[in-house]
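For reference, the structure is listed below as structure tokens.
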Amino acid sequence: ARTEVTIGNQRAAARVVLFDPELDVALLYAPAVRATPLRFASVAPTRGTEAAALGHPRGGPLAIIPAAISGAYRATGRDLYGTATVTRNILELRAVIERGDSGGPVVLADGTVGGVVFAEARSDPSVGYALNPVDVANRIAPGFGRTSPVGTGRCIR
């Protein structure tokens, strides 16, 4: 499968240069893209912080989803492949998160990334979850400057 990124009307080839199945995050290198990168917040947002989640609900066009941080937790679950137990620092969002929104940023009022969406609540359609921005930033930082592709493991869907 070909990996591409789309920014505005610009579509470009990309390659995965860092992959973490525990956090389920990847860093892409797309040399043809000319855009200002988003910055991660230096601390996790706290309860009551307003934000916007960006995603593609059900695989559709880009949507801006109103969100607010309603809590922060350590959560134990499975890795991407369902083979290992991992503990993650997560943020609970008051937001209508749907399949297809995963991987999108939670953007704070100052324009920084305050989390990375990874799941919707199964029991409440107005609740979603995001990874702590500091954890994601720390995990992907070693990949900055890399250009060589890395494997992403088997496709699970």
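Overview of results
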quantity: Selection count where residues are in contact (Cβ under 8 Å) with a residue 60 or more places away in the chain and surrounded by 11 or more Cβ atoms within 10 Å (Cβ to Cβ), scope the stretch 16-42; calculated: 17
quantity: Any chance Ala84 is hydrophobic (A, V, I, L, M, F, W, C) and at pLDDT below 95; calculated: yes
quantity: Qualifying positions in the stretch 119-143 - of a type outside the set (S, T, N, Q), open to solvent by 20 Å² or more (accessible area, probe 1.4 Å) and in contact (Cβ under 8 Å) with a residue 60 or more places away in the chain; calculated: Val134, Asp135, Ala137, Arg139, Pro142
quantity: Selection status of Ala63, within 22 Å of Ala130 (Cα to Cα), free of Cβ contacts under 8 Å to residues at least 60 places away in the same chain, in contact with a Pro (Cβ under 6 Å, 6 or more places away or on another chain) and not aromatic (Phe, Trp, Tyr); calculated: yes
quantity: Selected residue [in a loop (DSSP other than H, G, I, E, B) and out of contact with any Lys or Arg (no Cβ under 9 Å at 6 or more places or on another chain)] from Arg122, Arg99, Arg139; calculated: Arg122
quantity: Unique match (being among the aromatic types (Phe, Trp, Tyr) and part of a loop (DSSP other than H, G, I, E, B)) among Tyr73, Tyr81, Tyr129; calculated: Tyr81
quantity: Given (1) closer than 17 Å to Ala119 by Cα; (2) open to solvent by 70 Å² or more (accessible area, probe 1.4 Å), index of the condition Arg11 fails; calculated: (1)
quantity: Selection count where residues are over 14 Å from Leu91 (Cβ atoms) and either free of Cβ contacts under 8 Å to residues at least 12 places away in the same chain or of a type in the set (Lys, Arg) (or both), scope the stretch 45-60; calculated: 1
quantity: Test for Tyr73: is it open to solvent by less than 60 Å² (accessible area, probe 1.4 Å) and among the aromatic types (Phe, Trp, Tyr); calculated: no
quantity: Positions within the stretch 1-51 being of a type in the set (Phe, Trp, Tyr) and more than 16 Å from Leu131 (Cβ to Cβ), in sequence order; calculated: Tyr29
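Let's see how each residue does on (1) at pLDDT 95 or above; (2) closer than 21 Å to Phe19 by Cβ:
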residue: Ala72; (1), (2): yes, no
residue: Leu93; (1), (2): yes, no
residue: Gly100; (1), (2): no, yes
residue: Tyr129; (1), (2): yes, yes
residue: Asp135; (1), (2): yes, yes
residue: Ala141; (1), (2): yes, yes
residue: Thr152; (1), (2): no, yes
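The values are calculated or read from the model by the stated rules, or taken from the named source; none is laboratory data. Note that this is a predicted model, so its numbers are computed, not measured. In this analysis, Cβ positions are derived from the backbone assuming ideal geometry, glycine residues included, and neighbour counts consider all displayed protein chains. Surface accessibility is based on the protein's heavy atoms, side chains included, excluding ligands, DNA and RNA. Shrake-Rupley method; radii C 1.70, N 1.55, O 1.52, S 1.80 Å.
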